[in-house]
Each structure stands twice: as C-alpha cells, then as structure tokens.
1. Could you check how many residues of region 32-52 are buried (at least 22 other Cβ atoms within 10 Å of the Cβ) and either β-branched (Val, Ile, Thr) or outside the structural domain of residue 201 (by TED's automatic domain parsing) (or both)?
2. Across region 183-213, what is the number of residues that are in a loop (DSSP other than H, G, I, E, B) and either in contact (Cβ under 8 Å) with a residue 24 or more places away in the chain or in the same structural domain as residue 356 (by TED's automatic domain parsing) (or both)?
3. Filter region 209-243 for residues that are more than 23 Å from the chain's Cα centre (by Cα) and either surrounded by 18 or more Cβ atoms within 10 Å (Cβ to Cβ) or among the hydrophobic types (A, V, I, L, M, F, W, C) (or both) and give the result.
4. Hey, any hits in region 50-66 for a residue that's under 27 Å from residue 210 (Cα atoms), of a type in the set (Phe, Trp, Tyr) and not in a helix (DSSP H, G or I)?
5. Just to be sure I understand the filter: pairs with C-beta atoms under 9 Å, separated by 6 or more residues or on different chains, first member in region 258-272 and touching a residue at least 24 places away in the same chain (Cβ under 8 Å), second member among the charged types (D, E, K, R) and not in a helix (DSSP H, G or I). Which pairs pass?
6. For residue 151, are the conditions met, namely being over 30 Å from residue 355 (Cα atoms), exposed (fewer than 12 other Cβ atoms within 10 Å of the Cβ) and without any contact (Cβ under 8 Å) to a residue 12 or more places away in the chain?
7. Could you pull out the residue among 343, 338, 321 that is touching a strand residue (DSSP E or B) at 6+ places or on another chain (Cβ under 6 Å) and either at pLDDT 95 or above or not polar (S, T, N, Q) (or both)?
8. Could you check residue 92 against (1) within 30 Å of residue 352 (Cβ to Cβ); (2) modelled with pLDDT of 90 or more; (3) more than 27 Å from the chain's Cα centre (by Cα) and say which number it fails?
Amino acid sequence: MVQVNNPFITAGYISPEYFCDRQSESNELIKQLTNGNNLALISPRRMGKTGLVMHCFAHSEISDKYYTFFVDIYATKSLRDFILSLSKVILERLKPFGRKAIETFVNCVKTLQAGISFDVVGNPSFNMQLGDVRDTRATLDEIFKYLEVADKPCIVAIDEFQQIASYPEKNLEALLRTYIQHCNNARFIFAGSQRHIMGNMFLSPSRPFYQSVSMLYLESIPRDKYIEFAMGHFEKAGKMISPEIITEVYDRFEGVTWYIQKMLNTLFMMTEKGGSCTGDMIQTALQNIISSYRYNYEETLFRLPEKQKEVLITIAKEGKAKEVTGSRYIKKYRLASASSVQAALKGLLEKDFVSSELGTYYVYDKFFALWLSRYF
C-alpha cells in the first residue's frame, strides 16, 4: 500500500479516494471501450487525461478482464522511439501476470528478443537500445501480432498521440490505422492535448483515422465538485478550508486540474492539524511554488533566442494575447516587426512554451507565466 501524507496528488494515480469526480467521463470511457470502440480523448495538457485513463483502468470492469497498457509518446521523435516505448510498457505491465504472460509477448517479438533477458527467478528485464530496433515495420507487425494473440483482450492508451504527426516516416497514420483496424483483440485510446492537430487527425475526411473512433473532450471538473472534494480531504485530516479559498484557487487557474492540485497540495502542507487555511496563505503558497521553479525558468529563458524571449514575455504579461502580429500589439511592446513576431511564435509553439486557441495565445505553463509577468 502506498502511504499518502497529502491527499492532493500531483503525479501519477493512486486510488479512487484521491481522484476528483470525472464520473460521467469515466462511465463514457469504460462504456465505449467495453463495447468495442476505440476512443480519441482530447483536452488541454494538465487537465487530467492521464489520471482519468488510469482511474478507468483501475475499474474492475477493465482491470479484471483486460491487459492495460499506457504509453506516453510526448518525448518520442520517430516510429523507432514509439516502438521502443510501447515494447517497454507492455513488458513492464505483464510482469505481475507471471512468466507465461510475458513469454507470449517475448515469443511474438522475435526482432526484440536480444534485448529481453530473464534472471534466475524468471523476472524479465528490457535492455534494448534505440539502435537495436533495425526493422521498424517488422517489429511493429510483431507487436500487433502479440496484441491479437494475448490470452486476454488488451487496451492500449497512447498519450500525446498527436506526436506521430511530426515523425519523419511517411504514411505512418495510414500504417497504424491499418494495423489497428485489423486488431480484433485490442481497443485503443488516443489521448492528445493539441486540439487542432488531434481534430484534423480524426475529423478530416482526408486523414486515415477519419470516423474510426468515438470522441471525448475533457473539460474542467465542475467547481462545486472540487470544493466538495477538497473540503472533504481537509476535514478528514483534521484541517479546515473554506469554499471561498478553493474557489479563488480554482478560478485563478481556470479549472485546470494539475495547477489546482499543486496549489491545494501546498496549502494542505502549510495548514497545521486542527488549524484553518486562510486567504493570505494563497499568495504564500503561490510564491513558494514559483520560487521552487525559479532556476528552471531562468535556464529556460537563457536558452531561448532573444526574439522568442521577448514575445514570450509579452504574452505572459497579456495573459491571453490576441492579434500579436498587429501594429497595435507590436507598438505596445516595442517589438521589431510582424514577421519577426510570427517567426518567434512559430518557435515558441513548436517548443510548447506557448499554446493557441482560436487566435488567442497564452503561455502553456501557468506558473511560468506568473513568474514572467511578475519579474519582467
């Protein structure tokens, strides 16, 4: 059992007790998967996609009947990266099910067998390096053969799925679509945070994944649910927090799950047992969090090209920046030109420092945005 000293979890998933709401989304996700459908799960980053998927995987309807595999491909750059990440996840997830389950996978992935070994008691280890994946098409074929012959149906969740659109391999979407279409023993969750790219992949008639999935958009958890969740955990620990304080935290971070959790985690830590969380603690908690990331933020700015740094700071100061290449905006912040702003924006978007929705730009990391606006 995991010992939980602070009920506001900021990394991973522990149990339903520490998971706030998402009842309707959980029901919908489980219903779609258990009725044979693949699913695209779309939301801004840090809204809680990973937690929702892991919460559903822990449900007895899923955990008792399926092998579940969750692979985050955000850091991958190619099909070879993707294959290596997925293979490692499958091997690790099969460990609790014993050697027979593992051997089924190992016997299928013949091109990876050199990188898989067993110790004296039969525990497997994965020692494959990226360069050892020589024939990506053959290995991908073997992985899908495993999914088809596994002794239980499988569910594969691929987080940040839009990343495959940037891989150098041509026609990769069509290739994956073909494999998935003919894999009857597995269902897939395609989770992504870049709504525009994900929307194009699954809603454009010219793309291979068109009309191949059910769609689920993840919005903010309702404020009243968060108030109930937070107050309940404070009270259980012999502490107090008012609905007004939770509301202020919720509204300040626009209902984005991770930032609310991080703030509540810090406020819970600051509140003594038998005591009450007060309104002035919010600024202290915020300052503590931002200060803890200061060196990372300074290093990030140092590495950015000057033009990107300038534009990033202006967007942080605006909060929600519109018409950033317009003459009024350029004049207000004394930027060089529309073309230089456009070039800087392109770089910031590619590096995920800035996000965009319907022509409005904002700094993706809300704590970073506060630090920038406060010190520049």
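1. The qualifying residues number 1.
2. Filtering region 183-213 for residues in a loop (DSSP other than H, G, I, E, B) gives 183-185, 193-194, 204-213.
Then drop every residue that is not either in contact (Cβ under 8 Å) with a residue 24 or more places away in the chain or in the same structural domain as residue 356 (by TED's automatic domain parsing) (or both), which leaves 183-185, 193-194, 207-209, 212-213.
Number satisfying all stated conditions: 10.
3. 227, 231, 233, 234, 237, 239, 240, 241
4. Filtering region 50-66 down to residues under 27 Å from residue 210 (Cα atoms) leaves 50-54, 56-57, 62, 66.
After this cut, where a residue has to be of a type in the set (Phe, Trp, Tyr) as well, the list is 57, 66.
If we keep only those that are not in a helix (DSSP H, G or I) too, we end up with 66.
Taking every residue of region 50-66 in turn, at least one turns out to be under 27 Å from residue 210 (Cα atoms), of a type in the set (Phe, Trp, Tyr) and not in a helix (DSSP H, G or I).
5. Note: pairs meeting the criteria are 258/45; 258/46; 259/46; 268/239; 271/239; 272/239.
6. Numbers: over 30 Å from residue 355 (Cα atoms): yes; exposed (fewer than 12 other Cβ atoms within 10 Å of the Cβ): yes; without any contact (Cβ under 8 Å) to a residue 12 or more places away in the chain: no.
In short, no.
7. Values: 343 fails: touching a strand residue (DSSP E or B) at 6+ places or on another chain (Cβ under 6 Å); 338 fails: touching a strand residue (DSSP E or B) at 6+ places or on another chain (Cβ under 6 Å).
So the residue among 343, 338, 321 that is touching a strand residue (DSSP E or B) at 6+ places or on another chain (Cβ under 6 Å) and either at pLDDT 95 or above or not polar (S, T, N, Q) (or both) is 321.
8. Here residue 92 meets the rest and fails (3).
The values are calculated or read from the model by the stated rules, or taken from the named source; none is laboratory data. Being a predicted model, the structure only gives us computed values, none of them experimental. Because the Cβ atoms are built from the backbone with ideal geometry, glycine has one as well, and the counts that use them run over all protein chains shown.
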